[in-house]
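Trainee: Next up is a structure, given as structure tokens.
The values are calculated or read from the model by the stated rules, or taken from the named source; none is laboratory data. Not measured: the values here are computed from a predicted model. Counting neighbours? That spans all protein chains shown, and the Cβs are built from the backbone with ideal geometry, glycine included.
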Amino acid sequence: TNRDQSMEATLRMAVKLIAKFPALVAAWHRIRNDKEPVEPLPDLSHAANFLNMLSGKLPPYEYPREKVLKAMRELKRLYPWLDGELARLCVS
């Protein structure tokens with residue numbers, strides 16, 4: 001293949017993967033709860049977009065602390081996989 005395998009290209013690919021991760025987690029959370037995934041909105045911050053994609057509600061609003069903590073626990077649970085994939089990409 002003619003794919004660029006330089007360190008810079010690998011880093012760009014890793015950054016793109018990491019950037020997509022919150023949207024994947026939010027979509028997975030909604031699908032698991034029998035809801036349709038929510039598309040990200042370009043005018044929202046990353047944090048506001050993540051909460052919007054999780055809840056389907058646009059800010060500002062009061063977001064229940066337990067839901068935020070549950071989302072953060074889910075991200076922490078999934079990050080070891082991401083760390084392993086990123087390390088594999090950097091080594092290959």
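Trainee: If I filter segment 1-59 down to residues being among the aromatic types (Phe, Trp, Tyr) and surrounded by 14 or more Cβ atoms within 10 Å (Cβ to Cβ), which single residue comes out as farthest from Leu78 (Cα to Cα)?
Mentor: Step by step, filter segment 1-59, then rank; the result is Phe50.
Trainee: What are the residues in segment 21-43 that are over 11 Å from the mean Cα position of the chain (by Cα), assigned to a helix (DSSP H, G or I) and aliphatic (A, V, I, L, M), if any?
Mentor: Ile31
Trainee: Does segment 64-72 include one or more residues that are part of a helix (DSSP H, G or I), under 13 Å from Ala26 (Cα atoms) and at pLDDT 75 or above? Write out each step before concluding.
Mentor: So the first thing to find is which residues in segment 64-72 are part of a helix (DSSP H, G or I), and the list is 65-72.
Filter again for under 13 Å from Ala26 (Cα atoms), leaving 67-68, 70-72.
Add one more test, that the residue is at pLDDT 75 or above, and what stays is 70.
Yes: one or more hits.
Trainee: Would you please list the contacts, defined by Cβ atoms under 9 Å and residues six or more apart or on different chains, that run from a residue in segment 8-20 that is assigned to a helix (DSSP H, G or I) to a residue that is hydroxyl-bearing (Ser, Thr, Tyr)?
Mentor: So the pair list comes out as Thr10/Ser92.
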